[in-house]
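Novice: Take this structure first; my questions come after.
Read-outs throughout are calculated quantities, based only on the coordinates presented, and are distinct from any laboratory measurement. Model, not experiment: these values are computed from the prediction. Here Cβ is always computed from backbone atoms with ideal geometry, including for glycine, and neighbour counts include all displayed protein chains.
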There are 2 protein chains.
Amino acid sequence: MAKINPHYRKLSAGYLFPEISRRVAAFQKENPQAKIYRLGIGNTTEPLPPAVINGLKNGVERLASLKTYSGYGDEQGELALRESLAALYLKRGVTLRPGELFISDGAKPDSGNIQSIFGVDNLVAFQDPAYPVYVDSNVIAGRSDSYNSESCSYAGFVYMRCSEENGFIPEPPAEKADLIYLCSPNNPTGAVASHQQLKKFVDYARKYRAVIIFDAAYADFITDPALPRSIYEVDGAFECAIEINSFSKSAGFTGVRLGWAVVPQALSVEDSEPGELNRLWLRRQTTFFNGASNIAQRGGLAVLSPEGQVECKAVINLYMENARLIREGLQQIGLTIYGGVNAPYLWLKTPGSLTSWEFFDQLLSETQVVGTPGSGFGPAGEGYFRLSAFGHRADIEAAVAQIIAKLKI
Amino acid sequence: MAKINPHYRKLSAGYLFPEISRRVAAFQKENPQAKIYRLGIGNTTEPLPPAVINGLKNGVERLASLKTYSGYGDEQGELALRESLAALYLKRGVTLRPGELFISDGAKPDSGNIQSIFGVDNLVAFQDPAYPVYVDSNVIAGRSDSYNSESCSYAGFVYMRCSEENGFIPEPPAEKADLIYLCSPNNPTGAVASHQQLKKFVDYARKYRAVIIFDAAYADFITDPALPRSIYEVDGAFECAIEINSFSKSAGFTGVRLGWAVVPQALSVEDSEPGELNRLWLRRQTTFFNGASNIAQRGGLAVLSPEGQVECKAVINLYMENARLIREGLQQIGLTIYGGVNAPYLWLKTPGSLTSWEFFDQLLSETQVVGTPGSGFGPAGEGYFRLSAFGHRADIEAAVAQIIAKLKI
């Protein structure tokens, strides 16, 4: 008699985005004429630039010819792509070998799967609020106890509170955590950890032989040159950190699917030698994955070409100008806004003492703008609200004008 | 102090394909002039046909325009693609709703990941020999005890022996297994289960509330119209079976990456209601996966178009003619060959009483043909050898001629 994985039943029921869809649909039903402005989901909206389109087309054309057709590639990713990524890191002063880079179909799969090379008895720490995949994947793997609907948190996990007081970058936990998820630039708060703040985590991890899982998917949105774009810019990180990154947001590949993980040879934990975690991730990928699409990988090579970098940067600048318009527009009417300077997300403090969902409902009914309730990212997100800078300029301008004209605060 | 997933250390050390590469490289080093003929890996070699190339190009072009650009799609896959697949099943008399189909990046990830929606205490049964991913993914998940290098098997698993006596299709196990992996047409043996043989497994699964994980990745290679191409052609299978399939071999998408899984609404196990396993797989995919590449999905739609189906069938026929050439050529010199009629794999009985690896070495040194030792697929594969029909015609002809002329038996 087969039995299900019981940990799935621990997952807190209300999933954020379906609930948003439900409320928007209900509003639209009662107000069929209303135009809805979406600043909710972090989904790219601008077309891919010419160099990248050419790279992808080249990827397709290679499959049409007997001479260039290829089937299964290296599960770790095309060597040329890994070498190009290594060259990119080198520009930031980070030296990686191609064998330390693993091409994947995106940062979400890597963020979800990386925990599987660690035992179930590791104590896991998360930023609070955080991207839900980190928490959910560890619940499903059995590393938590049950969900407490009053505290909106899982027993058995360590929550590192991100608040106005700490600029939304927490201190390392007081407990001896084993796995620590960090995301910088942060989704959802838009906060970016400084070199010094990351150093504290690296020191902590080395002291307690913990592993940092560093999600740098928004690194290309950093405008301040002093801020680290990779955790490996911090001394000692090779020994204690795995980094995850993606072409999704920086190159518009949300639908194309391409990302990468770095598992350094120097990384080790209590019960392993340096190199073993690198080999375990390779074994994981060769067993459960068969490589990213060869077409997407050709596109990735084009993204990393000099023309591709210039063209993709122009799209990033467009999104960052959106962020500025949202930030300055909303500040104009007295709202408190964080993020949106080195990240495509803005973190709005709800006015009055509204809960995240109360503000969601008010914003929708008064201005028809849809955002994401902060409480959906963890208990410390309560009283906050995420706005995304991904969108067409005209839509962003209309949404901001709508809020300025109609929101009653 | 972080600790690794200890189950990885249980995996039997020698991985099949790296060992093949090592021996071929050693031979080539000693015989630098020798031309090597590869009939080893099941990797497609023929270019994609025009309709499919156009579909993929259309997928790329859509990303170049403001009006047609799309980012994240439905994690379950584009509705149009799921509807096209449902229409394909309907032609075989199988009625599926689009919500029962889950588009993925291939049959290998689905084969590896599907076990994760079941608890670790399920007893798992495999065909022996079998595609290594089924076994390895369950070892990593912790469902086995240690590996016994004498019996070449893991304690705690049920092995269903596939032999000449049972035509390489086993009876359901004597034990009450909870999860049963079946692959038909089979990799590596090339055997195909009849309707009656599958019915026995469906009856067993319904009796013991087990779940069959049915890998149908080679279904399009079936030439005999009487043989089932989907387990859902068997009455009762909706209540007890998950089916996995792929565009890899039937449409040359090994590098493009596209597949699908069927988790019927009617499926349930001891501790779940009908529908829950479907929802668990959706939750698994929405947490650990972000959809197959939208370019690949456009290619998939083109594969399923009338022109695509005709063109892909022509490529399949080419590979099946390769299979005929190998089979008849090798039978001509007295070798015993199974498979290769309704499957792209041939299962050769090693001559004399050679082990699989002894025959590998003999074939390589005498004829320079590389195949895959059957023992790499499980203990019952010992004494057998897999040949793959994927290859350019001229290479296949040359390899067969080489064996006929030079193999000393």
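Novice: State, to one decimal in nm and shortest first, how far the label point of B:E171 sits from each corresponding label point in the other identical copies (label point: 7 angstrom along Cα-to-Cβ).
Specialist: Result for B:E171, in nm, nearest copy first: 6.9.
Novice: Figure the gain on full extension for B:T355 and B:S21 (residue separation times 0.36 nm, minus the Cα-Cα span) and round it to one decimal in nm.
Specialist: Values: separation 334, 0.36 × 334 = 120.24 nm, distance 1.85 nm.
Stretched fully, the B:T355-B:S21 segment lengthens by 118.4 nm.
Novice: Ignore the peptide's own chain and count Cβ atoms of other chains within 10 Å of each Cβ in B:78-86; give me the average, rounded.
Specialist: Shielding by partners across B:78-86 averages 0.
Novice: Counting pairs of alpha carbon atoms under 8 Å apart in space and at least six apart in sequence, what relative contact order in percent does chain A give? Numbers along the way, then the final one.
Specialist: Values: 798 pairs, mean separation 93.5, N = 409.
It comes to 23 percent, rounded to a whole number.
Novice: Please list the non-local residues whose amide H lies under 5 Å from the amide H of B:G259, H modeled 1.01 Å from N, same-chain partners needing a gap of 5 or more.
Specialist: Here B:S104, B:D105, B:G106, B:F247 satisfy the definition.
Novice: Would you mind computing, in nm to one decimal, how far apart the modelled labels at A:E150 and B:T336 are, each placed 7 Å from Cα along Cα→Cβ?
Specialist: Using points 7 Å along Cα→Cβ, the separation is 7.1 nm.
Novice: Ratio of the range A:19-168's C-alpha Rg to 2.2 N^0.38 Å, to two decimals? Could you put the intermediate results ahead of the total?
Specialist: Values: Rg = 21.9 Å, N = 150, 2.2 N^0.38 = 14.8 Å.
Computed over Cα atoms of the range A:19-168, the ratio equals 1.49.
Novice: To the nearest whole number, what is the average tally of beta carbon atoms from other chains within 10 Å of the beta carbons of peptide B:97-109? Can you show the working numbers first?
Specialist: Working: counts 0, 0, 0, 0, 0, 0, 0, 0, 8, 5, 1, 8, 6.
Mean partner shielding for this stretch: 2.
Novice: Dipole of chain B, Cα-centred, from +1 at each Lys and Arg C-beta and -1 at each Asp and Glu C-beta, to the nearest 20 debye?
Specialist: The calculated dipole for chain B is roughly 740 debye.
Novice: Sticking with this structure for a sec: Suppose you put the label 7 Å out from Cα in the Cβ direction; list, shortest first and in nm with one decimal, how far A:E328 is from each other copy's label.
Specialist: Label-point separations across copies, in nm and ascending: 7.7.
Novice: While we're here: Straight distance only, please: which aspartates and glutamates reach the Cα of B:K35 with their own Cα at less than 18 Å, same-chain residues fewer than 8 apart left out?
Specialist: Correct list for B:K35: B:D361, B:E366, B:D395, B:E397.
Novice: Could you list, in their original order, any pairs among A:K313/B:K67; A:K200/B:K3; A:K249/A:K406; A:K249/A:K349 whose Cα atoms are separated by more than 23 Å?
Specialist: Checking Cα-Cα distances, A:K249/A:K406; A:K249/A:K349 exceed 23 Å.
Novice: Quick one: Cα centre-to-centre distance for the range B:140-184 and the range B:359-388, in angstrom?
Specialist: Rounded to whole Å, the Cα centres lie 21 Å apart.
Novice: Considering only DSSP states other than H, G, I, E and B, which trypsin sites (Lys or Arg not before Pro) in the range B:350-409 qualify as loop sites with at most 12 other Cβ atoms within 10 Å?
Specialist: Those that pass, being in a loop and sparsely packed, are B:K408.
Novice: Quick check on the exposure proxy: order A:T95, B:T45 from fewest to most C-beta atoms within 10 angstrom.
Specialist: In order of increasing Cβ crowding within 10 Å: A:T95, B:T45.
Novice: For chain B, what is the convex hull volume of its Cα atoms per residue in Å³? Numbers along the way, then the final one.
Specialist: Details: hull volume 68.5 nm³, N = 409.
Spread over its residues, the Cα hull of chain B gives 168 Å³ apiece.
Novice: Mind telling me which of B:Q368, B:Q297, B:Q28 comes out most flexible in a GNM of chain B, alpha-carbon contacts under 10 Å?
Specialist: Highest fluctuation of the listed residues: B:Q28.
Novice: For A:267-278, what's the mean count of beta carbons from other chains sitting within 10 Å of each residue's beta carbon? Please list the in-between numbers first.
Specialist: Details: counts 1, 2, 4, 4, 6, 5, 0, 0, 0, 3, 2, 0.
The mean count of partner-chain Cβ atoms within 10 Å per residue comes to 2.
Novice: Tell me, how many Å apart are the Cα centres for the range A:202-264 and for the range A:59-112?
Specialist: 17
Novice: Counting Lys +1, Arg +1, Asp -1, Glu -1, what net charge surrounds B:D203 among other residues with beta carbon under 13 Å of its beta carbon?
Specialist: +2
Novice: Tell me what the protein assembly as shown gives for mean residue ellipticity at 222 nm when only DSSP H runs of n ≥ 4 count, each as -39,500 (n - 2.57), the sum divided by the residue total, rounded to 500 deg cm²/dmol.
Specialist: One gets -11500 deg cm²/dmol as the mean residue ellipticity at 222 nm.
Novice: Considering amide H positions built from the backbone, and no H for Pro or chain starts, which residues 5 or more places from A:Y154, or on another chain, come under 5 Å of its amide H?
Specialist: A:N148
Novice: Can you compute the charge dipole magnitude of the protein assembly as shown about its Cα centre, using +1 on each Lys and Arg Cβ and -1 on each Asp and Glu Cβ, nothing else charged? Give it in debye, rounded to the nearest 20.
Specialist: 1040
Novice: Can you work out ³J(HN,Hα) from phi for every residue in the range B:80-95, in order, using Karplus 6.51 cos²θ - 1.76 cosθ + 1.60 and θ = phi - 60°, giving whole Hz and x for Gly and Pro?
Specialist: 4, 5, 5, 5, 5, 5, 4, 5, 5, 4, 4, 4, 8, x, 9, 9
Novice: So what's the net charge close to A:L88: Lys and Arg +1, Asp and Glu -1, counting the other residues with Cβ under 12 Å from its Cβ?
Specialist: Details: positive: A:R82, A:K91, A:R92, A:R229; negative: A:E83, A:D220.
Neighbourhood net charge equals +2.
Novice: Short version: ³J(HN,Hα) in whole Hz for each residue of the range B:256-266, in order, from phi by Karplus 6.51 cos²θ - 1.76 cosθ + 1.60 (θ = phi - 60°), x for Gly and Pro, what are they?
Specialist: Once rounded to whole Hz, the list reads 6, 6, 7, x, 7, 10, 10, 10, x, 4, 6.
Novice: Taking the square root of 5 times each eigenvalue of the Cα gyration tensor, what semi-axes in Å does the equivalent ellipsoid of the protein assembly as shown have, largest first? Intermediate values should be presented prior to the final figure.
Specialist: On the way: eigenvalues 426, 152, 150 Å².
Semi-axes, largest first: 46, 28, 27 Å.
Novice: If you take every DSSP beta bridge fully contained in the range A:52-305, what fraction is antiparallel? Give it as a percent rounded to 5.
Specialist: Percent antiparallel among DSSP bridges in the range A:52-305 is about 40.
Novice: Could you check which residue among B:S248, B:S353, B:S65 shows the biggest mean-square fluctuation in a GNM of chain B with a 10 Å Cα cutoff?
Specialist: It is B:S65.
Novice: What is the spin-label model distance, in nm, from B:D271 to B:A314 if the labels are put 7 Å beyond Cα along the C-beta direction?
Specialist: Result: 5.4 nm between the two label points.
Novice: Right, here's the next one. Given the range A:262-388 reduced to its alpha-carbon atoms as identical point scatterers, what log10 I(q)/I(0) does the Debye formula return at q = 0.18, 0.19 Å⁻¹?
Specialist: So the normalised log intensities are -0.93, -0.96.
Novice: Amide H to amide H under 5 Å from A:G339: which residues, 5+ apart in sequence or cross-chain, H placed 1.01 Å off N in plane?
Specialist: It is A:W347, by chain and number.
Novice: Moving to a separate point now. Taking θ = phi - 60°, what integer Hz values does the Karplus form 6.51 cos²θ - 1.76 cosθ + 1.60 yield along the range A:140-147, in sequence order, with x for Gly and Pro?
Specialist: 4, 6, x, 8, 10, 8, 6, 7
Novice: Work out the FRET efficiency for B:R97 and B:S70 from their Cβ-Cβ distance, taking R0 = 35 Å, and round it to the nearest 0.05.
Specialist: So the FRET efficiency works out to roughly 0.90.
Novice: Go ahead and collect, in residue order, the members of the range A:1-28 whose backbone nitrogen is under 17 Å from a label point 7 Å along the Cα-Cβ direction of A:A34.
Specialist: From the range A:1-28, the list is A:19-28.
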